[in-house]
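J.: This is the structure I want to talk about, given as structure tokens.
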Amino acid sequence: MSDFDYDLFVIGGGSGGVRAARVAAGEAKAKVALAEESRYGGTCVIRGCVPKKLMVFASGYGPAVEEARDYGWQIGDARFDWGAFHPKMQTELDRLEGIYQRLLDGSGVERFDQRAVIADAHTVALADGTRKTAKHILIATGGRPVRPELENADLGIVSDDIFDLDTLPKSILIVGGGYIACEFAGVLAGMGVETTQYYRGAQILRGFDDEARGLIAEEMQANGVDLHCGSDLISMEKDGEGIRVKATNGTERVFGQVLFATGRRPNSDNMGLEEVGVKLGRRGEIEVDDYSQTAVPSIYAIGDVTDRMNLTPVAIREGMAFVETVFHGNPTKPDHELIPTAVFTQPEFGTVGLTEEEARDQEPIEVYATSFKPMQTAFAGRSARVLMKLIVSQESRRVLGCHIVAPQAGEMIQMAGIAVKMGATKEDFDRTVAVHPTMSEEMVTMRTPTRKA
Ligand code: FAD
């Protein structure tokens, strides 16, 4: 008989926390409780991946209607109506949140719909004053968007707010160059909002393959995003219904709205963590070992609050590995190698493995790359280009990186990711017969290296 109220207390009902709680209670038959201070499903379901992807879908119909005309369809005036779309999106998020709640209830997890903090190595303090003890505590509190330190920055909004807008602004300035900034730029431009993007760095999507970044930036501009790199805000102030912005590029303009997509911070503050001995890094991330264990042996942390690789499937894997380690006695490290991922810009970007720049610093490589106008949009008279790129080790012949900029690149990279994870060589790709006519057939038909490095 345990001396604790629970075997496991999970703080945070997002992607990682819900999965860990369900699996620990269901498969491992542990006595589990979970506290969630806001909405079940967390960032991914309520203010991240899911509503964003629905908005990506919504914004894609405008260009699709245009293209349909070029394919002979007779279509009248097409105009996007946020007022028709937005309530439907909210209903869908409510439905998904309900599913998450029922999954927890069905697995026997006791839910506390309130904030929880750490009182000691085995005790959680709930907002209503109750204390609960647990043999293990799992922190899965995620992260939140932050505004830059700039006077009047609170005039602008952050990504969380986009999903709650009652109306779309006529014009918007998006500040930032990461994937969230770029995705929203494409989405809002596609929905008919006059979209400007300022990024203080030299090129958007820092950390990704340079050639892919360059093409995405060009295509975003061609799709109506007024993108300015090397540009940051100097000041912002209210101007009638809008916001007057002075920028380092010498411009002074009034925008209907300003969206800061300038970074996220782990939700680790005011949680009693450092007081009990849990160590935090410089950005506020909880420091954990390879098994997600913190400096306090009974306390583990997974997902965005550890700031390792901030993606939903990674948080889920970390949660599963935690349960395997702690409740099945099988020490399991979450695998952070060769994680395929997608950026839902327009066109999409799918990527796995090393960039050309990373790979050439590591060993001699061959680069196979082709950029072309795909059949579907070329027929409609568009000049849009796609990119297929493989980075190959000269010595082992292994494909070290695969980068795709194309419609549906997210779907393609999931499949290519299997081959790359299995250690496929360039010759394995070459032995695979092309699927014709597709864009991705180029992945198995590139015979001559574009360059060696
Ligand atoms: P979260 O999902 O953030 O869950 C944490 C939960 O903890 C929240 O519900 C919060 O309310 C709760 N909480 C916090 N503190 C407390 C407390 N003290 N007590 C009780 N509850 C608390 N990832 C992808 O893989 N693909 C994408 O396309 C993608 N798109 C994204 C788009 C946007 C705009 C954003 C912001 C993120 C996106 N992500 C995407 C990232 C993904 O959403 C996160 O990596 C993922 O949600 C992390 O899961 P988590 O469990 O660590 O935390």
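J.: Could you check segment 306-327 and list, in sequence order, the residues that are assigned to a helix (DSSP H, G or I) and near the ligand (Cβ under 6 Å from one of its atoms)?
T.: We begin by selecting, within segment 306-327, every residue assigned to a helix (DSSP H, G or I); these are 306, 312-327.
Answer for segment 306-327, where residues must be assigned to a helix (DSSP H, G or I) and near the ligand (Cβ under 6 Å from one of its atoms): 312, 313, 315.
J.: Looking only at segment 15-35, count every residue that is of a type outside the set (D, E, K, R), assigned to a helix (DSSP H, G or I) and more than 7 Å from the ligand (Cβ to nearest atom) and tell me the total. Write out each step before concluding.
T.: Residues of segment 15-35 of a type outside the set (D, E, K, R): 15-18, 20-21, 23-26, 28, 30, 32-35.
Okay, now just the ones that are also assigned to a helix (DSSP H, G or I), so 15-18, 20-21, 23-26.
Still in the running and more than 7 Å from the ligand (Cβ to nearest atom): 18, 20-21, 23-26.
Selection size over segment 15-35: 7.
J.: Got at least one residue in segment 36-46 being open to solvent by 70 Å² or more (accessible area, probe 1.4 Å) and hydroxyl-bearing (Ser, Thr, Tyr)? Walk me through how you get there before you give the answer.
T.: Taking segment 36-46 as the starting set, the residues that turn out to be open to solvent by 70 Å² or more (accessible area, probe 1.4 Å) are 37.
Those left that are additionally hydroxyl-bearing (Ser, Thr, Tyr): none.
Looking for residues that are open to solvent by 70 Å² or more (accessible area, probe 1.4 Å) and hydroxyl-bearing (Ser, Thr, Tyr), one finds none in segment 36-46, hence no.
J.: Now for a different question. If you scan segment 53-81, which residues turn out to be in contact with a Phe, Trp or Tyr (Cβ under 7 Å, 6 or more places away or on another chain) and over 18 Å from residue 377 (Cα atoms)?
T.: 53, 56, 58
J.: Can you report the number of residues in segment 154-210 which are open to solvent by 20 Å² or more (accessible area, probe 1.4 Å), of a type in the set (Phe, Trp, Tyr) and more than 17 Å from the chain's Cα centre (by Cα)?
T.: 1
J.: Something else about it: Which of the residues that make up segment 108-149 are assigned to a loop (DSSP other than H, G, I, E, B), within 12 Å of the ligand (Cβ to nearest atom) and open to solvent by less than 70 Å² (accessible area, probe 1.4 Å)?
T.: 114, 140, 141, 142, 146
J.: Next question. Report every pair of residues separated by at least 6 positions or lying on different chains whose Cβ atoms are under 8 Å apart, first residue within segment 176-193 and among the hydroxyl-bearing types (Ser, Thr, Tyr), second more than 10 Å from the ligand (Cβ to nearest atom).
T.: These pairs meet every condition: 179/205; 179/345.
J.: Name the residue, out of 388, 439, that is open to solvent by less than 10 Å² (accessible area, probe 1.4 Å), within 29 Å of residue 66 (Cβ to Cβ) and in contact (Cβ under 8 Å) with a residue 12 or more places away in the chain. Lay out the reasoning, then the answer.
T.: Values: 439 fails: open to solvent by less than 10 Å² (accessible area, probe 1.4 Å).
The match here is 388.
J.: Follow-up. Can you name every one of the strands (runs of 3 or more DSSP E) wholly within segment 336-453 that holds 2 or more residues which are farther than 29 Å from residue 58 by Cα? I'd like the intermediate steps shown before the answer.
T.: Details: elements: 341-343, 349-353, 365-372, 386-393, 399-405.
Because the criterion is at least 2 residues that are farther than 29 Å from residue 58 by Cα, the strands (runs of 3 or more DSSP E) in segment 336-453 that meet it are 365-372, 386-393, 399-405.
J.: A further question on this structure: Which ones in segment 150-192 are closer than 19 Å to residue 83 by Cα, part of a helix (DSSP H, G or I) and charged (D, E, K, R)?
T.: The answer is 160, 161.
J.: If you don't mind, there's one more thing I want to ask. Among the listed residues 59, 38, identify the single one that is among the hydroxyl-bearing types (Ser, Thr, Tyr), in a loop (DSSP other than H, G, I, E, B) and within 16 Å of the ligand (Cβ to nearest atom).
T.: Details: 59 fails: in a loop (DSSP other than H, G, I, E, B).
38 is the lone residue from the list that is among the hydroxyl-bearing types (Ser, Thr, Tyr), in a loop (DSSP other than H, G, I, E, B) and within 16 Å of the ligand (Cβ to nearest atom).
J.: Exactly one of these conditions fails for residue 346: (1) open to solvent by 30 Å² or more (accessible area, probe 1.4 Å); (2) not assigned by TED's automatic domain parsing to the domain that holds residue 402. Give me its number.
T.: So residue 346 meets the others, but not (2).
The values are calculated or read from the model by the stated rules, or taken from the named source; none is laboratory data. All values reported here derive from a predicted model rather than from experimental measurement. Quick reminder, even Gly has a Cβ in these numbers, built from the backbone with ideal geometry, and neighbours come from all protein chains shown. Ligands, DNA and RNA are excluded from the accessible area calculation, which covers all protein heavy atoms including side chains. Shrake-Rupley method; radii C 1.70, N 1.55, O 1.52, S 1.80 Å.
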